[in-house]
Each structure stands twice: as structure tokens, then as C-alpha cells.
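Working notes, structure below.
Nothing in this text is a laboratory measurement; each read-out follows from the coordinates by a stated rule. Note that the structure is predicted; figures quoted are calculated from it, not measured. With ideal geometry, Cβ positions are generated from the backbone for all residues, glycine too; neighbour counts draw on all protein chains shown.
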Amino acid sequence: MNKNEFLAELKERLAGLSETDMNQSLDYYTEMIDDRMEDGLSEEEAVAAVGTPGEIAGEILGEMPLTKLVKARVKPKHRMAAWEVVLLVLGSPIWFSLLIVLFAVVFSLYISFWAVIISLWATVLALGAAALAGVFGLFTTIAAGHGWAGIALFGVGVFLAGLTIFAYYGCLYATKGIWFLGKKLFRSVKGCFIRKEAVR
């Protein structure tokens, strides 16, 4: 594949982006190919070293902010006819309501996951506070003349300290898992706005 074929295919896969964004990407890869050719590679080798248009388009669209992708995806490719506008307006109570419901469900699930994480961390803090109270309770109970009660309280405090350490690592992994799940969810939402042809 030569440079012109590569750029033409990349331009086709980035169709829908604004003229500025598309030209910026095309200029960048044109310069990259030219630099490699100046380093002694043939035109075909320089193009092959850059990567395939599909991979590059996927990377460009993957790094683009979601708002730009939505704007590029939603923007009509042709001037809408009067009957299309009428249908869009008449159908808006249905599709707009469904869109709000979908957003509300996804958002509430996401918030629910984080609420669980916050409550788990609150439990870890409570266990830690109880462990400290048990360990330091030894001194107050001994000072009050209740030696065996102080030793029992100390034992409970040490047990709770171990439980706190165990729960801390569990919460840490759960937090990382929710963070990873949130990123994956965001990527899948973003992937809905990336044209399938771009990554094929």
C-alpha cells in the first residue's frame, strides 16, 4: 500500500469527524510516513511501519473525547427532509424518555456500586476504631481493677485488628474492581459511537 492509498483509506475510516480533526490526523500520519522515508525506508515499508488504517482509526477514535464522538455520530450526513424532522419531533416523547431512562439506570447502577464501596470502607474504619478501643481498653480496665476483663478486651482488640487488616485488602481489591468496571463501562459506551468500519 502506498502513501496515497493509506491516507485515502484512513480518511474514509475517519469520516464523520470534523474537518479540522480529520486533517490534523492525516497531516500527522503524512509527516510520520515522510520521516520514515527520509530515514531510508521505501514508501511501502514506511506505510507498513506506521500500521494499518483500521488500527490507527480505532486508536484515534478511542482517544477522542466522548462529546466529540457523540457529536460526529449524531450529526446527520445529509440535509434532513421535512417529513424526517416531523417524525423526529413527533417521536421525541418516546425516544427522549427512553434515553433518559437508560441514562438513569446506568447512572444509578454506577452510583450503587460506589455506595457499596463507601459502606465497605466505613466498615473497615469502624473495625479499626473498635480494635484500637479494645487494645487501649486494657489499660483503663486494669487501672479500674478488672484485670481479666482487660485481658479479654485486649484479645478482642487484637482479633479485630487482624480482621481490619483482612477487610482492608478486601476493600482495596473491591475498589480496584469497581474502578476497572467503571472504565470498561465508559469504554463500551464510547465504543457505541465509534463506527464499526473504523476498527475493522
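Legend: ranking of residues Ile118, Ile178 from fewest to most surrounding C-beta atoms inside 10 Å; resulting order Ile118, Ile178. Each residue of region 179-187 was assigned a 3J(HN,Hα) from its phi angle through the Karplus curve 6.51 cos²θ - 1.76 cosθ + 1.60 (θ = phi - 60°); the sequence is 4, 5, 5, x, 5, 5, 4, 5, 5 Hz, with glycine and proline shown as x.
Ranked by how many other Cβ atoms sit within 10 Å of their own Cβ, fewest first, the residues Ile142, Ile100, Ile33 fall in the order Ile100, Ile142, Ile33.
Please report the relative contact order for the chain, taking Cα pairs under 8 Å with a sequence separation of at least 6, and give it as a percent rounded to a whole number.
Numbers: 134 pairs, mean separation 51.2, N = 200.
Answer for the chain is 26 percent.
Remark: the Lys176-Glu38 segment gains 45.1 nm on full extension, using 0.36 nm per residue and subtracting the alpha carbon distance. Here the Karplus curve 6.51 cos²θ - 1.76 cosθ + 1.60, taken at θ = phi - 60°, turns the phi angles of region 93-109 into couplings of x, 7, 5, 5, 5, 5, 5, 5, 4, 4, 4, 5, 5, 5, 5, 5, 4 Hz, with x standing for Gly and Pro. Using R0 = 45 Å, the C-beta based FRET efficiency linking Phe159 and Ile100 works out to 0.35.
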